[in-house]
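Engineer: This structure is in structure tokens; I'll ask about it shortly.
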Amino acid sequence: MTNFSIETHEQPIGLTLKTPADVALFLPRIVLYVFNVLLTWQDRATQRHHLASLSDRRLRDMGLSHADVGGEVSKPFWRA
């Protein structure tokens, strides 16, 4: 018997995988979860890169300062 738990942003997912069939049914969920996390990280990195490249005028139009942008751009891609 194998205990397996995944912590997500919403709630923890805990289950017991008793047979290889249980693992085979759960494996696609794990792969999909990891894929979604990687896509989210890539999207954050792309958005922060784009934000860092905006001109002073565009930042003023959005009501942002360089300090706001610097704080957001300095975050690692995995941090929301």
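Engineer: Test S53 against the stated conditions and say whether it is exposed (fewer than 11 other Cβ atoms within 10 Å of the Cβ) and without any contact (Cβ under 8 Å) to a residue 12 or more places away in the chain.
Structural biologist: yes
Engineer: Here's a follow-up. Name the pairs: first residue in region 33-44 and within 17 Å of K75 (Cα to Cα) and of a type in the set (F, W, Y), second residue outside any helix (DSSP H, G or I) and open to solvent by 70 Å² or more (accessible area, probe 1.4 Å), Cβ to Cβ under 8 Å, at least 6 apart or on different chains?
Structural biologist: W41/F77; W41/W78
Engineer: Something else about it: Show the residue pairs meeting these rules: Cβ distance below 8 Å; 6+ apart or different chains; first residue within region 61-78 and part of a loop (DSSP other than H, G, I, E, B); second residue open to solvent by 60 Å² or more (accessible area, probe 1.4 Å).
Structural biologist: Matching pairs, first to second residue: F77/W41; F77/Q42; W78/W41.
The values are calculated or read from the model by the stated rules, or taken from the named source; none is laboratory data. Computed from a predicted model, the values in this text were never measured in an experiment. Glycine gets a Cβ as well: all are built from the backbone with ideal geometry, and neighbour counts include every protein chain shown. The area values use the complete protein model at the heavy-atom level, side chains included, leaving out ligands, DNA and RNA. Shrake-Rupley method; radii C 1.70, N 1.55, O 1.52, S 1.80 Å.
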